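Q: Once you've had a glance at the structure underneath, I'll fire off some questions.
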């Protein structure tokens, strides 16, 4: 059983994306197979071609299954069709708009709602929220929708529209979050609480607050529970980080790929990733480092 994972970011770019790949490889390994990784970079304009080339290379190398991350739900439809026609099974993280053999869904809206509800319980209706949105992928958009719904239900205004490009971290890494946070804090001094959509954006936000008296005083939550984000909670710089259990997401994808290849999955079967929980000052001691959650071994890059 040979499974290729098409990684949407170079390793080290976003720790949660990396942890997902380790969880996937661990699940495939437990099922008796091996995982190879080809890396793409969704921040580059030719990401569609990068992903299609990875699919074609996988078919040529004779892999049994491809696991992809559907950041763009329309891509790579043609390459996926070619792979499936060649007998390679395709499993997706996030359901794309084209046919695949199985997909792992994220409870993004619920996570955003629960994050907003948790933070709103610690605020008043006089507070004003600033939200940094993500790069426009389906999963990040759903999270932001849940955040907006949760704060609206709590009656706490959001001062900006995180769906607009000026308030979105288009690169998904800390530098992009820093750029947006500098602009957001300057243009909306009335902000009393912040929600960067992910931990990398939060780390950029902390950098934007360096030397600012509001550092450590603005209630702030983000999503992923990456090690640096957990440390920020420990240091009193943020209020919490939502643990999406990225190794569990990867495990769900790897286990689904194995079931698809073994004929144990229904055609086009959908499974749900973990919902997770908020990691905060009251439960820090219960947070478990990602590398301790699965059989964590170095990823094997390339198809040779």
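Q: Among the listed residues 15, 73, 45, 96, identify the single one that is within 30 Å of residue 192 (Cα to Cα) and either at pLDDT below 95 or out of contact with any helix residue (DSSP H, G or I) (no Cβ under 7 Å at 6 or more places or on another chain) (or both).
A: Of the residues listed, the single one that is within 30 Å of residue 192 (Cα to Cα) and either at pLDDT below 95 or out of contact with any helix residue (DSSP H, G or I) (no Cβ under 7 Å at 6 or more places or on another chain) (or both) is 15.
Q: Answer yes or no as to whether residue 250 is closer than 27 Å to residue 142 by Cα and in contact (Cβ under 8 Å) with a residue 40 or more places away in the chain.
A: yes
Q: Can I ask one more? Evaluate region 74-89: report whether one residue or more is under 30 Å from residue 289 (Cα atoms) and surrounded by 16 or more Cβ atoms within 10 Å (Cβ to Cβ).
A: The answer is no, given that none of the residues of region 74-89 is under 30 Å from residue 289 (Cα atoms) and surrounded by 16 or more Cβ atoms within 10 Å (Cβ to Cβ).
Q: Output yes when any residue across region 199-211 is crowded, with 17+ Cβ neighbours inside 10 Å, in contact with a helix residue (DSSP H, G or I) (Cβ under 8 Å, 6 or more places away or on another chain) and closer than 16 Å to residue 20 by Cβ, and no when none is.
A: Looking for residues that are crowded, with 17+ Cβ neighbours inside 10 Å, in contact with a helix residue (DSSP H, G or I) (Cβ under 8 Å, 6 or more places away or on another chain) and closer than 16 Å to residue 20 by Cβ, one finds at least one in region 199-211, hence yes.
Q: Go through (1) in the same structural domain as residue 189 (by TED's automatic domain parsing); (2) modelled with pLDDT of 95 or more and name the single condition residue 135 misses.
A: Checking residue 135 against (1) in the same structural domain as residue 189 (by TED's automatic domain parsing); (2) modelled with pLDDT of 95 or more, the one that fails is (2).
Q: Also, I was wondering about something else. Within region 96-130, count every residue that is closer than 30 Å to residue 266 by Cβ, within 20 Å of the chain's Cα centre (by Cα) and buried (at least 18 other Cβ atoms within 10 Å of the Cβ).
A: Final tally of qualifying residues: 12.
Q: Would you point out the residue of region 219-253, among those that are out of contact with any helix residue (DSSP H, G or I) (no Cβ under 9 Å at 6 or more places or on another chain) and not in a helix (DSSP H, G or I), that is farthest from residue 2 (Cα to Cα)?
A: 236
Q: Test residue 295 against the stated conditions and say whether it is at pLDDT below 95 and either over 20 Å from the mean Cα position of the chain (by Cα) or over 27 Å from residue 197 (Cα atoms) (or both).
A: Spelling it out, it is not the case that residue 295 is at pLDDT below 95 and either over 20 Å from the mean Cα position of the chain (by Cα) or over 27 Å from residue 197 (Cα atoms) (or both).
Q: Could you please find all residues in region 254-285 being closer than 22 Å to residue 112 by Cα and outside any loop (DSSP other than H, G, I, E, B)?
A: 270, 271, 272, 277, 278, 279, 280, 284
Q: Now a separate question. If you go through region 164-174, how many residues are touching a helix residue (DSSP H, G or I) at 6+ places or on another chain (Cβ under 9 Å) and either at pLDDT 95 or above or not assigned by TED's automatic domain parsing to the domain that holds residue 194 (or both)?
A: Total meeting the criteria: 4.
Q: Looking at the structure I just gave you, is residue 185 in a helix (DSSP H, G or I), without any contact (Cβ under 8 Å) to a residue 60 or more places away in the chain, surrounded by fewer than 23 Cβ atoms within 10 Å (Cβ to Cβ) and touching a strand residue (DSSP E or B) at 6+ places or on another chain (Cβ under 7 Å)?
A: Considered against the rule, which asks whether it is in a helix (DSSP H, G or I), without any contact (Cβ under 8 Å) to a residue 60 or more places away in the chain, surrounded by fewer than 23 Cβ atoms within 10 Å (Cβ to Cβ) and touching a strand residue (DSSP E or B) at 6+ places or on another chain (Cβ under 7 Å), residue 185 comes out as no.
Q: I would also like to ask the following. Among the numbered criteria (1) closer than 21 Å to residue 47 by Cα; (2) free of Cβ contacts under 8 Å to residues at least 12 places away in the same chain, which single criterion is violated by residue 87?
A: Single failed check for residue 87: (1).
Q: Go over the candidates 38, 20, 93, 4 one by one and state the one that is surrounded by fewer than 22 Cβ atoms within 10 Å (Cβ to Cβ), at negative phi and touching a strand residue (DSSP E or B) at 6+ places or on another chain (Cβ under 8 Å).
A: 38
The values are calculated or read from the model by the stated rules, or taken from the named source; none is laboratory data. From a predicted model like this one, the values you see are computed outputs, not experimental measurements. Positions of Cβ are backbone-derived with ideal geometry, glycine not excepted, and every protein chain shown enters the neighbour counts.
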